[in-house]
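The block underneath contains the structure these notes are about, expressed in structure tokens.
The values are calculated or read from the model by the stated rules, or taken from the named source; none is laboratory data. What you see is a predicted model; the values in this text were computed from it and never measured. Here the Cβ is made from the backbone with ideal geometry for all residues, glycine too, and neighbour counts use every protein chain on show.
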Amino acid sequence: MKTVLLASIWAMGWGALLMNQSVEASEVFSYDMQVGGEQSAYIETESGTDLLVTIVEIDEPLQRQSFDRLSSSLALENKTYLIKGSLPLYWDASYKITVNNRLITRAFESKVTPFSGKVLQRKLIRESSNKRARLEFKVSPLIGTDKSGTLISTISGNQLIISK
């Protein structure tokens, strides 16, 4: 009984936090690779909840940065990015991609952490077009039904488009 009461109080706290965010949810999030850095947004799910998506540009080793300064046309895109998604009270998920010449050359280090319960399935796929990578997973919470999740990243021009 105490667990249910504490979980309810905790959920109300998350709801209050999410209502204070001024970012509106949309169906996709476009990360500008020319701007870089860390960018976040909300993606609205079918159930009406908001999935928080964050993309972080990961610093390359010093040797790589020196090379990129010499080749400024490649410097904008030849980087590694961490794609993170969080559905409050359900799961946190992430993976990394390496982008070279507007192609996803590598998708790696996928992680899925359920709020409660366990991960039933997890699959990270880099599609043959080299323009898209996706993380598919299924989480089984301690209470309730299994939840499936997907985080898709697609290269389009200088944008990295994230969808669910």
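Residues in segment 34-65 that are part of a loop (DSSP other than H, G, I, E, B) and modelled with pLDDT of 90 or more: how many?
So the answer is 1.
Restricted to segment 126-164, and to residues that are more than 16 Å from Tyr81 (Cβ to Cβ) and under 14 Å from the mean Cα position of the chain (by Cα), which residue is surrounded by the fewest Cβ atoms within 10 Å (Cβ to Cβ)?
Thr150
Would you call Leu135 out of contact with any Asp or Glu (no Cβ under 9 Å at 6 or more places or on another chain), modelled with pLDDT under 95 and among the aliphatic types (A, V, I, L, M)? Explain how you work it out, then say what you get.
Numbers: out of contact with any Asp or Glu (no Cβ under 9 Å at 6 or more places or on another chain): yes; modelled with pLDDT under 95: no; among the aliphatic types (A, V, I, L, M): yes.
Against the criterion (out of contact with any Asp or Glu (no Cβ under 9 Å at 6 or more places or on another chain), modelled with pLDDT under 95 and among the aliphatic types (A, V, I, L, M)), Leu135 does not qualify.
Would you call Asp68 closer than 23 Å to Ser40 by Cα, of a type outside the set (Phe, Trp, Tyr) and at pLDDT below 95?
So Asp68 fails the test.
For segment 141-162, enumerate the residues that are outside any strand (DSSP E or B), among the small types (Gly, Ala, Ser) and within 30 Å of Gln34 (Cα to Cα). Outline the logic, then answer.
Of segment 141-162, the ones outside any strand (DSSP E or B) are 141-146, 157-158.
Restricting the remaining residues to those that are among the small types (Gly, Ala, Ser) gives 144, 157.
Correct list: Gly157 only.
Any residue in segment 127-140 that is over 24 Å from Gly37 (Cβ atoms), free of Cβ contacts under 8 Å to residues at least 24 places away in the same chain and part of a strand (DSSP E or B)?
Among the residues of segment 127-140, at least one is over 24 Å from Gly37 (Cβ atoms), free of Cβ contacts under 8 Å to residues at least 24 places away in the same chain and part of a strand (DSSP E or B), which makes the answer yes.
Quickly run through segment 87-113 and pick out the residues that are surrounded by fewer than 16 Cβ atoms within 10 Å (Cβ to Cβ) and among the β-branched types (Val, Ile, Thr).
Of everything in segment 87-113, those that are surrounded by fewer than 16 Cβ atoms within 10 Å (Cβ to Cβ) and among the β-branched types (Val, Ile, Thr) turn out to be Thr105, Thr113.
Identify all residues within segment 103-125 that are more than 15 Å from the chain's Cα centre (by Cα) and among the aromatic types (Phe, Trp, Tyr); write none if there are none.
Residue satisfying the conditions is Phe115 alone.
Take Asn78 and decide whether it is on the phi > 0 side of the Ramachandran plot and modelled with pLDDT under 90.
Against the criterion (on the phi > 0 side of the Ramachandran plot and modelled with pLDDT under 90), Asn78 does not qualify.
Here are some residues: Ser73, Ser116. Which one is surrounded by fewer than 17 Cβ atoms within 10 Å (Cβ to Cβ), modelled with pLDDT under 90 and not in a strand (DSSP E or B)?
Ser73
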